[in-house]
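The values are calculated or read from the model by the stated rules, or taken from the named source; none is laboratory data. Note that the coordinates shown come from a computational prediction; the quantities given were computed from them, not determined experimentally. Neighbour counts run over all protein chains shown; Cβ positions are idealised from the backbone, glycine included. Each accessible area value is taken on the protein alone, full model and side chains, heavy atoms only, with ligands, DNA and RNA left out. Shrake-Rupley method; radii C 1.70, N 1.55, O 1.52, S 1.80 Å.
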Amino acid sequence: MELVGRKNRSTSGPSYREREAELIARVQRGERDAEMELYRAHRRQVAANLYRVLGHADELEDLVQEVFIIAFKGLDKFRRDSRLSTWLYRIAVNVALGNIRKRSRRPRTVLTPEAGERRVADSNHSPYRQVVREQDRELCYRVMEMLAPKKRLVLYLHEIEGRELKDIAEILGVNPVTVRTRLFYARREFYKLLDDEMQRMDAEAKA
Amino acid sequence: VSRRVQPREWADYAADRLDAHRRAQLDELAAADGDAAAARERAMRARAVMSEISGSEAPELSWDSAFARIHWELSLARRQPEVQSRRRWPRWAAAGAGAAALAALALWVTGRPDGDPVATPQLAHSQLDHGSQVIPMQLEAEPLTGLVTLLEGAATRDGQPIGPDQLDRGITVGTTLATTDGRIAVQFGPGSAFELGPQSSVRLLRFDGGEVVLATSGTIDVEVSHRAPKQRFVVHAGANRVEVRGTRFRVEDRDGHLAVSCTRGEVATFVGNREPMAVAAGRRLSLTSGASPAVVEMSREEQDELDESLDVITLDSWDQDWAGSGAHPSGLVAAEAASGTLIAVDGVEVGVAPLWVRVAPGRHHVATETNGTWGPGSWTVVGPSQRVVAKSDAPAAKPRRNRARSRRRARLIRDIEASPAVRGCVRGLEKRGLAEGAYLELEVGLGKSSMHFLNVLRTDLPPAVASCVRRAVGRIELPPGPAVELRHRLQF
């Protein structure tokens with residue numbers, strides 16, 4: 001099973017596995033150079049995963065740190081039957097889930113329609129399509145934020161990352177049946193909300 | 001083909017997950033019906049955005065400084081077992097070291113030399129409310145100023161009741177905060193805050209960029225963002241000390257029982273003269289006077305619940321200079337609601353009335369709950385340094401709490417605590433030494449003459465024992481009086 005590593009595929013093969021195992025052993029011995037090497041090899045992928053799940057870069061640096069601290073401290077628990085990048089992906093997703101939960105319980109300023117309109121006006125120099133695409137992207141994350149954290153994550157992994165139910169269950173450490181149920185309700189809720197919001201936006205644009 | 005195609009099916013169409021037959025049917029529908037064509041267009045737009053998201057890259061970060069902090073955390077974690085595995089000193093050496101420590105403490109009290117950071121003093125439990133000494137600030141450290149982000153119920157500052165007009169006043173070193181039946185939360189940095197639970201107090205012994213030292217009694221929830229190297233965060237609970245770097249945890253120190261629960265990061269707990277004990281995320285340290293401390297794993301549910309309750313209200317944007325000058329560009333919002341009414345701001349339950357919660361300037365939605373149902377709420381605009389009371393959406397205000405209610409509530413707590421039937425339920429566990437540190441949190445609704453509801457909110461007791469306790473509480477009879485609701489934690 002390959003969960004991450006679009007860019008890491010070229011590194012497959014026994015020699016890569018051996019190098020990875022050796023690197024892990026050196027990290028476990030406390031070698032700073034090995035820590036740095038492992039961090040450099042995976043930091044962008046971890047940051048990108050977190051960024052895509054969350055849709056914003058607030059606290060991204062803190063979250064990247066959290067992922068690597070959890071990973072380095074728990075290297076003993078890393079089973080060699082999957083790649084390190086896969087394992088890091090699982091940690092990143094769970095760290096992102098924690099962050100989503102935290103933010104969903106915290107009062108935040110609500111964007112007024114005026115603020116949205118201003119952004120469109122500011123983008124006059126950009127092509128119209130790009131502005132619409134940016135608005136759609138923002139809307140997509142805003143609607144995802146309306147879902148319960150667990151549903152949001154399942155929806156993200158399935159609809160955006162294109163993961164299979166079995167993979168999602170493994171990443172989140174839950175039963176595939178639970179994932180299927182969550183996904184059913186998440187999809188129903190998400191697409192209904194997204195469609196309603198898009199219709200509203202289109203109507204406003206026409207007016 | 002039905003003209004009512006669900007948006008999720010259009011999404012499957014856009015993601016090419018439908019078979020050819022169904023796809024052709026939907027194409028046919030879209031060709032014949034303008035609304036269906038528009039729905040298909042929206043689904044295609046959504047799919048395009050999702051594909052774009054799946055290929056997006058993260059912005060550039062300060063990679064090296066992030067690694068430096070990771071390395072620091074790891075080094076700290078690696079040193080911890082070394083400290084624990086050090087050979088114990090002979091008794092005479094320990095006695096000598098103790099004497100030397102006492103002499104050093106005496107020197108510190110009479111005049112600490114400048115320079116190296118000093119070990120924080122061991123505080124006697126009785127000292128907490130009686131002016132524990134403030135630790136002098138190191139010359140190079142910037143003083144911190146905290147800001148109240150939540151005030152629920154009644155609280156005092158240096159013995160004086162805190163009114164809404166004092167909430168913008170910065171919390172500085174030497175301040176003592178105490179609560180009766182409410183809570184108070186203080187933010188002192190980006191992502192760093194503490195919240196004092198009911199019947200608790202905290203004194204800020206040291207409060208600067210180099211070190212934060214709090215002396216507490218009762219319950220304190222702490223969320224601390226990662227400290228830079230050389231920064232320390234210490235909580236004294238009686239004679240015990242909890243030291244952290246970046247984490248989220250709760251310290252409860254009541255009636256001789258200490259509990260340190262951690263949901264994120266790791267804390268080091270110094271119990272008396274023992275070696276430091278690490279309490280990692282998902283674990284709880286329990287200590288009853290006279291017994292040995294024990295670190296146990298919390299259940300997943302307990303962790304989730306604790307993590308939720310440890311979510312201290314903080315502002316996303318924080319600038320220490322603003323807090324220090326008393327000109328933080330935030331406002332405070334309250335709801336026009338009867339005492340005890342649950343309040344939500346921007347869809348987040350923040351506590352029960354009367355309360356004030358600090359929010360970023362802008363439009364906020366404030367709603368209240370009546371009889372288990374959330375009202376529609378109302379929108380209110382809060383400007384910098386403004387205090388706004390949002391209009392109530394409750395159909396009828398409940399009567400305010402009066403003394404008769406307080407007395408009845410106090411009587412109920414006393415009867416529960418003193419009930420032989422309740423104690424009898426945990427006797428079996430006590431005999432096996434398993435009851436120490438166990439707890440059960442109850443929610444009781446008492447009508448004029450009988451109990452209306454009785455729920456076990458959370459407990460770490462086995463289910464059979466918990467329902468025994470619930471039944472025992474249900475049998476308690478009180479003389480008729482005003483209706484009251486109560487949440488109470490039974491500590492065994």
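Residues that are surrounded by fewer than 21 Cβ atoms within 10 Å (Cβ to Cβ) and within 16 Å of the chain's Cα centre (by Cα) within segment B:183-211 comprise B:G189, B:P190, B:G191, B:G197, B:P198, B:Q199, B:S201, listed in sequence order. Can you tell me which residues in segment B:255-298 are farther than 23 Å from B:E430 by Cα and not hydrophobic (A, V, I, L, M, F, W, C)? Correct list: B:T263, B:R264, B:G265, B:E266, B:T269, B:G272, B:N273, B:R274, B:E275, B:P276, B:G282. In summary, strands (runs of 3 or more DSSP E) completely within segment B:421-492 and bearing 2 or more residues that are more than 18 Å from B:S406 (Cα to Cα) and of a type outside the set (A, V, I, L, M, F, W, C) occur at B:439-446, B:451-459. Restricting attention to segment A:18-66 and to residues that are in contact (Cβ under 8 Å) with a residue 24 or more places away in the chain and more than 18 Å from A:A92 (Cβ to Cβ), the residue that is most open to solvent (accessible area, probe 1.4 Å) turns out to be A:Q28.
Whether a residue is among the charged types (D, E, K, R) and more than 9 Å from every other protein chain (Cβ to nearest Cβ) was assessed, and A:R187 does not pass this test.
Taking segment A:172-207 as the range and being hydrophobic (A, V, I, L, M, F, W, C) and not in a helix (DSSP H, G or I) as the test, the residues that pass are A:V174, A:A207.
Pairs linking a residue in segment A:133-145 that is within 8 Å of chain B (Cβ to nearest Cβ) and open to solvent by less than 70 Å² (accessible area, probe 1.4 Å) to a residue that is part of a helix (DSSP H, G or I) and hydrophobic (A, V, I, L, M, F, W, C), with Cβ atoms under 6 Å and 6 or more positions apart or on different chains, are A:D136/B:V49; A:R137/B:V49; A:C140/B:V49. Scan segment B:350-366 for residues that are away from chain A (no Cβ under 12 Å), farther than 13 Å from B:T149 by Cα and assigned to a strand (DSSP E or B) and the total you get is 1.
Give me the pairs, please: first residue somewhere in segment B:3-25 and over 18 Å from A:D195 (Cα atoms) and in contact (Cβ under 8 Å) with a residue 12 or more places away in the chain, second residue anywhere and surrounded by 16 or more Cβ atoms within 10 Å (Cβ to Cβ) and of a type in the set (D, E), beta-carbon distance under 8 Å, and either six or more positions apart or on two chains. So the pair list comes out empty.
Among the conditions (1) away from every other protein chain (no Cβ under 14 Å); (2) in contact with a strand residue (DSSP E or B) (Cβ under 8 Å, 6 or more places away or on another chain); (3) over 23 Å from A:D62 (Cα atoms), B:S261 misses just one, which is (3). Under the condition of being modelled with pLDDT of 80 or more and farther than 30 Å from B:S299 by Cα, the residues counted in segment B:446-465 number 1.
A single member of B:S51, B:S62, B:S75 is within 32 Å of the chain's Cα centre (by Cα), open to solvent by 50 Å² or more (accessible area, probe 1.4 Å) and within 9 Å of another protein chain (Cβ to nearest Cβ), and it is B:S62.
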